């Protein structure tokens, strides 16, 4: 009888010991899973919720969080370094946003108007069109500033002229003034949001490419844009 009691006590002790050891392991594992889930939820949550209904609010907030002003346009002809102006916050934030999501990297300089402008930000690529539809082809309110003129090397937002009394900018397409004495007839018609600070020779090389009757280069002038600061 005594042996049986000792044996029973031994069995109960083993079970109790296993419970004490295994329970913390289960709790820790559950906590780890919960932590990983929270991290995954945070990192995979969509942040690019921009659409045609929240354009200004989204880009204003985005601009506060992303204050970069220097970008580099890379082409087969060389690079063009651009400084974006901080006093046109929505247009600056928009350009940074599109650069960060890689939008411009499948676009081209699709219009080369000799002794006037080189214009880019569009292409025949399906990805380009898909991205434009994804964000609802939103538009930007103009941000005209007296000191921001269409001088040589100015970068400005393209826009539709017809049926656009409020002079809303295209967020996707931009042009660089290549005319030496500027294109000042466009002042207060298009928002100037940056300027070339180096790479003028690259701009001039692009301006000399062969184009068709629609001013679209015969050979695509592809671009990639990256942020420098």
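The values are calculated or read from the model by the stated rules, or taken from the named source; none is laboratory data. In this text, all values refer to a predicted model and were calculated from it rather than measured experimentally. Cβ placement follows ideal geometry from the backbone for every residue including glycine, while neighbour counts extend to all protein chains displayed.
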- Query: Looking at (1) at pLDDT below 90; (2) surrounded by 10 or more Cβ atoms within 10 Å (Cβ to Cβ), which is the only condition residue 49 fails?
  - Reply: (2)
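Matching residues to (1) assigned to a loop (DSSP other than H, G, I, E, B); (2) modelled with pLDDT of 95 or more; (3) under 24 Å from the mean Cα position of the chain (by Cα); (4) surrounded by 15 or more Cβ atoms within 10 Å (Cβ to Cβ):
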| site | (1), (2), (3), (4) |
| --- | --- |
| 180 | yes, yes, no, no |
| 194 | no, yes, yes, yes |
| 203 | no, yes, yes, yes |
| 214 | yes, no, no, no |
- Of the conditions (1) surrounded by fewer than 21 Cβ atoms within 10 Å (Cβ to Cβ); (2) touching a strand residue (DSSP E or B) at 6+ places or on another chain (Cβ under 8 Å); (3) assigned to a loop (DSSP other than H, G, I, E, B); (4) at pLDDT 95 or above, residue 229 fails just one. Which one is it? (4)
